[in-house]
Amino acid sequence: MFWQQKPENVPIAEEPVVDREASTRERLHELKQQLAALDAKMLAFKTTYKVRSDRFGRLLGIECQGITGFPEVEREWRILLKKRDSLITQWHSALHEWSAAKQLTKEVLA
């Protein structure tokens, strides 16, 4: 076959139909569950060490054994905050994707 000739009877691979709205909603649900689990973990941590923080997550006070325990508790708290911030960013992105997919579905059906 020459490069100028078109191939005959070449099967076209059909792509599976993906419901973007449903898949993004599912992702949103998974992230929400992860956030709920992390919130429970943070609450348990706050209860254990009697952590007091402001609305930005800055530590105002903790109760731990000895003065040397403060840096370790602070480090663990910062790790939890970083995980929470990451999950919230992912959830926010997934929320926008779901909204866009929902709008696209609405436009296609109209």
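Nothing in this text is a laboratory measurement; each read-out follows from the coordinates by a stated rule. Since the structure is predicted, the reported quantities are computational estimates derived from the model, not experimental observations. We place every Cβ from the backbone using ideal geometry, glycine too, and count neighbours over all the protein chains shown.
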Between residue 20 and residue 103, the two model label points (7 Å from Cα along the beta-carbon direction) sit apart by a distance in nm of 1.1 nm
Determine the shape class of region 20-109: with a ≥ b ≥ c the square roots of the Cα gyration tensor eigenvalues, call it rounded for a/c under 1.5, and otherwise prolate if a/b is greater than b/c, oblate otherwise.
-> prolate
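Neighbour counts of other C-beta atoms within 10 Å: give me 84, 58 arranged from fewest to most. Show your work: numbers first, answer last.
On the way: 84 17, 58 10.
By the 10 Å Cβ count, ascending: 58, 84.
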May I ask you to sort 45, 56 by Cβ crowding, counting other Cβ atoms within 10 Å and putting the fewest first?
-> 56, 45
